[in-house]
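First up is the structure itself, then whatever we jot down about it.
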Amino acid sequence: MASFGVRGMGQPLGIRICCCRVCTCINFGFVLSRIGLLKLMQLGLAMLCEGLLIRYGVPYADSIGQALTSFLATTGHCFTTTGILLLCYAFSDKSYSLIRQSLFETLFNGLASCMYFSSASYMGFACVVWLHPQFLVRPGFWAYPAMTACYYMGYAAGILHALDAYLAFRHFRGAR
């Protein structure tokens, strides 16, 4: 049961420092479980993508076009929802058991996976068609390598969300 993020009754909460425990409101059993680490990886990839898009993509928004807007919307929405879910699960075992077994988690992760795959494909097209020729001509044009890394990470995030959707669906169907 602990591998799905729910701590056992015998596991103490928080961090033990000398004779007392601190941060007892955080369920570190969930954060360090396979679902918790999956959520942390999803957040990490979304944060990296968002940072690259804002730092290197926004100045060249005219060249990239709607691919930038699509990818920014995808990473922003998925980052926010995944972050809220991670906070809920880390602070409440009851939230984990109620939300994870609902259809919401399955639908959200399935939709997030589709959104990441489609926006990463669109960004890949924009990189090859519009940014690569500029990269060959202009020295120091960092938008192309950054956006290429971004759409690769978008595919990785899509795979992580698809895996999470599968695990959530199994949990929804009762396979714990």
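Candidates S95, I64, Q134 compared by Cα position along the dipole of region 34-174: farthest toward the positive end lies S95, with charges placed on Cβ. Taking only the Cα atoms of the chain, the radius of gyration and Dmax are 19.2, 64 Å. By the helix-only formula, in which each DSSP H run with n ≥ 4 contributes -39500 (n - 2.57) and the sum is divided by residues, the chain has a 222 nm mean residue ellipticity of -23000 deg cm²/dmol.
Residues in the chain average 53 Å² of solvent-accessible surface per residue, probe 1.4 Å, ligands and nucleic acids excluded. Overall, the chain carries a charge dipole of about 640 debye about its Cα centre when +1 sits on the Cβ of Lys and Arg and -1 on the Cβ of Asp and Glu, all other atoms neutral.
The values are calculated or read from the model by the stated rules, or taken from the named source; none is laboratory data. All of these numbers come straight from a predicted model, not from anything done at the bench. Don't worry about glycine lacking a Cβ; one is built from the backbone with ideal geometry, like all the others, and counts go over all protein chains shown. To get the accessible areas, we keep the full protein, side chains included, count just its heavy atoms, and leave off ligands, DNA and RNA. Shrake-Rupley method; radii C 1.70, N 1.55, O 1.52, S 1.80 Å.
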